1. Checking the condition of a type outside the set (Ser, Thr, Tyr), in a loop (DSSP other than H, G, I, E, B) and either touching a Ser or Thr at 6+ places or on another chain (Cβ under 7 Å) or at pLDDT below 95 (or both), which residue from PRO80, PRO63 passes?
2. Conditions: (1) at pLDDT 95 or above; (2) loosely packed, with under 15 Cβ neighbours inside 10 Å. ILE32 meets all but one. Number of the miss?
3. Do we have VAL147 as in a strand (DSSP E or B) and in the same structural domain as THR17 (by TED's automatic domain parsing) here?
4. With respect to ALA108, determine if the residue is in a loop (DSSP other than H, G, I, E, B) and either among the aliphatic types (A, V, I, L, M) or in contact with a helix residue (DSSP H, G or I) (Cβ under 6 Å, 6 or more places away or on another chain) (or both).
5. Which condition number in (1) at pLDDT 95 or above; (2) closer than 30 Å to THR17 by Cα is the one that THR52 fails?
6. Can you name the condition, by its number, that VAL174 falls short on among (1) surrounded by 17 or more Cβ atoms within 10 Å (Cβ to Cβ); (2) more than 17 Å from the chain's Cα centre (by Cα); (3) not in a helix (DSSP H, G or I)?
7. Give segment 150-171 a look and list any residue that's in a loop (DSSP other than H, G, I, E, B) and of a type outside the set (Val, Ile, Thr), or say none.
8. Please state which of the following conditions GLY58 fails to meet, knowing it meets all the rest: (1) part of a loop (DSSP other than H, G, I, E, B); (2) in the same structural domain as ASN129 (by TED's automatic domain parsing).
Amino acid sequence: MQVQLQKLADGGAGQVTLSDEVFATDYNEPLIHQVVTAYMAGARAGTKAQKTRAEVAGGGQKPWRQKGTGRARAGTTRGPIWRGGGRAFAARPRNFEQKVNRKMYRGALRSILSELVRQERLVVVDDFNLEQPRTKLAVAALGKLGVSNALLVTRELSENVFLAARNIPGVGLVEVGAIDPVLLISYDKVIVTEAALADLEAMLK
């Protein structure tokens, strides 16, 4: 498969060959949904915790005698119906992780990348380097590519690019080794350098 290769240095264009095994697979929406849901669930902290009546401090003394007061019998002031008492069904820390094997995860990434190519949302550039860490230069480079809301994927994220692009609204930065399905579907365009593209193909074959 051939796609256009943008050359930022001289503003020209060329062609780059993509692997059909990675960038020409069928769109598997149920698989993508499962992997994205599992990835987002794994990011949940799950640290919510409350105390039961057994864990709340105090309440050891019977508030009043068993009979003769006209009130309902009570053995503790730490029951769920009392102010300051424990919860009836107290929340506990839990793990929200969902199991997704490696074959499914890579298959979802291949499906997402293939759909990006079909929708012409994958932009391949020869390189993305800036001489100075200036946001103005990063905006100009993105303007040459005709994108505003985009994820930039590079082999190694240079300090100049990071400092220049980190404050641009709608622009994300990630190294190819840290890519994930949620990032890929969160932007209108995905800009991939030629070096990162080779790493991506090797990773997903």
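1. Result of the check over PRO80, PRO63: PRO63.
2. Failing condition for ILE32: (2).
3. No: the conditions fail for VAL147.
4. So ALA108 fails the test.
5. Of everything listed in (1) at pLDDT 95 or above; (2) closer than 30 Å to THR17 by Cα, THR52 misses just condition (2).
6. (2)
7. ARG155, GLU156, LEU157, SER158, ARG166, ASN167, PRO169, GLY170
8. Failing condition for GLY58: (2).
The values are calculated or read from the model by the stated rules, or taken from the named source; none is laboratory data. Worth saying up front: this structure is predicted, and the values here are computed from it rather than measured. Backbone-built Cβ (ideal geometry, glycine too); neighbour counts: all protein chains shown.
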